[in-house]
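The values are calculated or read from the model by the stated rules, or taken from the named source; none is laboratory data. This one's a predicted model, so the numbers in the text were calculated from it and none came from an experiment. Cβ sites come from the backbone with ideal geometry, for glycine too, and all protein chains shown count toward neighbours. We work out accessible area using only protein heavy atoms, side chains counted, and drop any ligands, DNA or RNA first. Shrake-Rupley method; radii C 1.70, N 1.55, O 1.52, S 1.80 Å.
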Amino acid sequence: MKTSGQRIEESKKQLSALGDIQSRTQFGGYSLSVEKIVFALVSEGELYLRASEEMHTYLQMRPLQPFIFHKRGQCVSLNYYRVDHQLWGHQDVLLGLSRSSLNEARALRQAQLDCHRLKDLPNLSIRLEVLLKEAGVPTISRLRELGAKQSWTRLKNNNKHLGIKTLYALQGAISGQHQEVLTREVKEELRHWYQQFIKASAYPLPPGVKGR
C-alpha cells in the first residue's frame, strides 16, 4: 500500500494536465487543488475525487467507495469517491473524471462569488445576514473587504455571546467553503486570535475553549 505522500506525487504526475496541483493538510489527510480550487482528497494512501456530473454517470456503471470522515466519534460521508486499482489503470478516464471534478468545483466557487446576498454564502443564515447588516457589514464585498476577524469583531460588539464557531463560519463564507472543511492551520490561527481577543477584551472564555 502506498503512503499518502507517494499517492500525492503519483496524482500530481498523472493529473499534471490539469495544471499546477498543490497539496495541503485537510480532514486528517490532504487536499489537492489547482489555483486554490480543491478537486480531490488523499487519505491513508488513497485518492478520492470530488463528486461531479461525470462522476455520477461513472458510478452508475462502477460503484466507488465514498470518503468517510470520522469526526467526534461519528462517521460523515463526503461527496468524494476513491480511485480504485482499475480506475488508476485507465489514465484517460481518470483524467477526464478529475477534470470534471475540478471544473464543477471551479463553477461552484464562481457561483458563490457571483451571488448577491450574504445568506447565499456557505455557513451564513438569514439571521446572521441580519446581524451582519446591523453591524455595518451589509454586502458580500464589504465582508471580504473587512475579513473574518474584523467582521466578527463588529458582530461581537452587538452580540456579547458570539463564539468562535461564528468566526469559523465567516472565514468559510469568505473562502467559499463549509466551516468544517477549513484547514487545521486556518482554524488554529483563528483560534489563537480568538483567544487573544477574548483575553484582551476581558470576556470570559466559553466552555471548552482553553486560553493560554
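Among the residues of region 146-198 satisfying the criterion of being in contact with a Leu (Cβ under 7 Å, 6 or more places away or on another chain) and hydroxyl-bearing (Ser, Thr, Tyr), which is nearest to residue 104 (Cα to Cα)?
Going through the qualifying residues, I end up with 168.
Which residue is nearest to the chain's Cα centre (by Cα), if the candidates are limited to region 112-137 and must be without any contact (Cβ under 8 Å) to a residue 24 or more places away in the chain and not in a helix (DSSP H, G or I)? I'd like the intermediate steps shown before the answer.
Going through region 112-137, the residues without any contact (Cβ under 8 Å) to a residue 24 or more places away in the chain turn out to be 114, 117, 119-120, 125-127, 129-130, 132-133, 135-137.
Adding the requirement that they be not in a helix (DSSP H, G or I) leaves 117, 125, 135-137.
Details: 117: 20, 125: 18, 135: 26, 136: 26, 137: 23 Å.
Restricting to residues being without any contact (Cβ under 8 Å) to a residue 24 or more places away in the chain and not in a helix (DSSP H, G or I), the top hit is 125.
Of all residues in region 138-163, count the ones that are open to solvent by 60 Å² or more (accessible area, probe 1.4 Å) and either closer than 17 Å to residue 177 by Cβ or part of a helix (DSSP H, G or I) (or both).
Within region 138-163, residues that are open to solvent by 60 Å² or more (accessible area, probe 1.4 Å) and either closer than 17 Å to residue 177 by Cβ or part of a helix (DSSP H, G or I) (or both) number 9.
So which residues in region 1-45 are open to solvent by less than 30 Å² (accessible area, probe 1.4 Å) and closer than 15 Å to residue 181 by Cβ? Working first, answer last.
Here is the first cut: in region 1-45, the ones open to solvent by less than 30 Å² (accessible area, probe 1.4 Å) are 4, 7-8, 11, 15, 18, 21, 26, 29, 31-34, 37, 39-43, 45.
26, 29, 31, 32, 33, 37, 39, 40, 41, 42, 43, listed by residue number.
Just name the residue that is nearest to residue 40 (Cα to Cα) out of those in region 63-78 that are touching a helix residue (DSSP H, G or I) at 6+ places or on another chain (Cβ under 9 Å) and at pLDDT below 95.
Among residues in region 63-78 that are touching a helix residue (DSSP H, G or I) at 6+ places or on another chain (Cβ under 9 Å) and at pLDDT below 95, the one nearest to residue 40 (Cα to Cα) is 78.
State all residues of region 71-96 that are surrounded by 15 or more Cβ atoms within 10 Å (Cβ to Cβ) and either outside any helix (DSSP H, G or I) or touching a Phe, Trp or Tyr at 6+ places or on another chain (Cβ under 6 Å) (or both); if no residue qualifies, say none.
Correct list: 78, 80, 81, 82, 83.
Return the residue satisfying two criteria in turn: it lies in region 47-66 and is assigned to a strand (DSSP E or B) and either among the polar types (S, T, N, Q) or touching a residue at least 24 places away in the same chain (Cβ under 8 Å) (or both), and of such residues it is most open to solvent (accessible area, probe 1.4 Å). Explain how you work it out, then say what you get.
To start, the set of residues in region 47-66 that are assigned to a strand (DSSP E or B) comprises 47-50, 66.
When the remaining residues are screened for being either among the polar types (S, T, N, Q) or touching a residue at least 24 places away in the same chain (Cβ under 8 Å) (or both), the result is 47-50.
Working: 47: 0, 48: 20, 49: 0, 50: 50 Å².
Looking at residues that are assigned to a strand (DSSP E or B) and either among the polar types (S, T, N, Q) or touching a residue at least 24 places away in the same chain (Cβ under 8 Å) (or both), I get 50.
Do we find a residue being part of a strand (DSSP E or B) and in contact with an Asp or Glu (Cβ under 9 Å, 6 or more places away or on another chain) anywhere in region 30-39? Let's see the steps before the verdict.
Taking region 30-39 first, the residues part of a strand (DSSP E or B) are 30-34, 37-39.
When the remaining residues are screened for being in contact with an Asp or Glu (Cβ under 9 Å, 6 or more places away or on another chain), the result is 34, 39.
The answer is yes; a qualifying residue exists.
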